[in-house]
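The values are calculated or read from the model by the stated rules, or taken from the named source; none is laboratory data. Please read these numbers as outputs of a predicted model, since none were measured by experiment. Cβ placement follows ideal geometry from the backbone for every residue including glycine, while neighbour counts extend to all protein chains displayed.
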Amino acid sequence: MNTSDSNVYVVDDDPPVLQAVSRLLRSAGFQVFGYSSARRFLDRHDSTTPGCLVLDMVMPGLNGLDVQQTLLAAQESLPIIFQSGRTDVPATVRAMKQGAADFLTKPFEKDELVQAVRAALAKDRVARQANEEVAEIRRRLATLTPREHEVLRHVISGSLNKQTAVDIGAAEKTIKVHRARVMEKMKVESVAELVRLAERAGILPVTAKSAISLS
């Protein structure tokens, strides 16, 4: 394996456990980075690097839930596999509700950890691909002029060119030109496709201003 998307970050304040888990994961083909404290990990973590986090729940200073909260506050989607030597139901429930990928109780089997890491890495790849797709949509949106952006919102609301022309005070032929440019810049061939892209980027349709009959 050992590819750029097989990074596994292991955080545990117990040196023997940190060493054992790191060795186990390396033997399974993952690229492993070990940290003896949560602070050390957070100080060195690069959010642009893919991977997953194997995180001890109970540590001095910042604990596992603190790290999870810090990553969530930074809007990072790094999948977290919690590990703990004791069962703490409230902490486990809280961790899972906040999006933890898995929770393992020490001691765990090698295959159990490896499977959890593979699932977490797959989850990370899907999330990063989705984020990149949204980023690409936003790059296309950034090429629109303010008027084209306005026309886009009318198009995804289902407005006809006549309705849009009345609403924004422009000639219908001008709306047709803007609409064609929007479709070209957004690289779509149908209104349905444009609607899907707008939804993913959080663009809201307009509320029709004109209730007059245009038939």
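Under 7 Å between Cβ atoms, at least 6 apart or on separate chains: pull out the pairs that start in segment 17-39 with a residue that is charged (D, E, K, R) and end on any residue that is surrounded by 15 or more Cβ atoms within 10 Å (Cβ to Cβ) and part of a strand (DSSP E or B).
Between residues of segment 17-39 that are charged (D, E, K, R) and residues that are surrounded by 15 or more Cβ atoms within 10 Å (Cβ to Cβ) and part of a strand (DSSP E or B), the close pairs are R26/V32.
Do we have V206 as surrounded by 15 or more Cβ atoms within 10 Å (Cβ to Cβ), free of Cβ contacts under 8 Å to residues at least 12 places away in the same chain and not in a helix (DSSP H, G or I) here?
So V206 does not fit the description; no.
Working only within segment 16-32, note down all residues that are in a helix (DSSP H, G or I) and out of contact with any helix residue (DSSP H, G or I) (no Cβ under 8 Å at 6 or more places or on another chain).
Listed by number, the residues that qualify are P16, V17, L18, Q19, A20, S22, R23, R26, S27.
Can you tell me which condition Q129 does not meet? The list is (1) modelled with pLDDT of 95 or more; (2) closer than 29 Å to S77 by Cα; (3) in a helix (DSSP H, G or I), and all the others hold.
The failed condition is (1).
Can you tell me how many residues within segment 50-102 are charged (D, E, K, R) and not in a loop (DSSP other than H, G, I, E, B)?
Going through segment 50-102 one residue at a time, the tally reaches 5.
Scan segment 43-95 residue by residue and report those that are in contact with a strand residue (DSSP E or B) (Cβ under 9 Å, 6 or more places away or on another chain), modelled with pLDDT under 90 and under 24 Å from L25 (Cα atoms).
S84, G85, R86, T87, T92
Enumerate the pairs (first residue in segment 60-77 and under 14 Å from A95 (Cα atoms); second residue anywhere and of a type in the set (D, E, K, R)) with beta-carbon separation below 9 Å, excluding pairs fewer than 6 apart on the same chain, so at least 6 apart or on different chains.
N63/D56; G64/D56; L65/R94; Q68/R94; T70/E76; S77/K123; S77/D124; S77/R128
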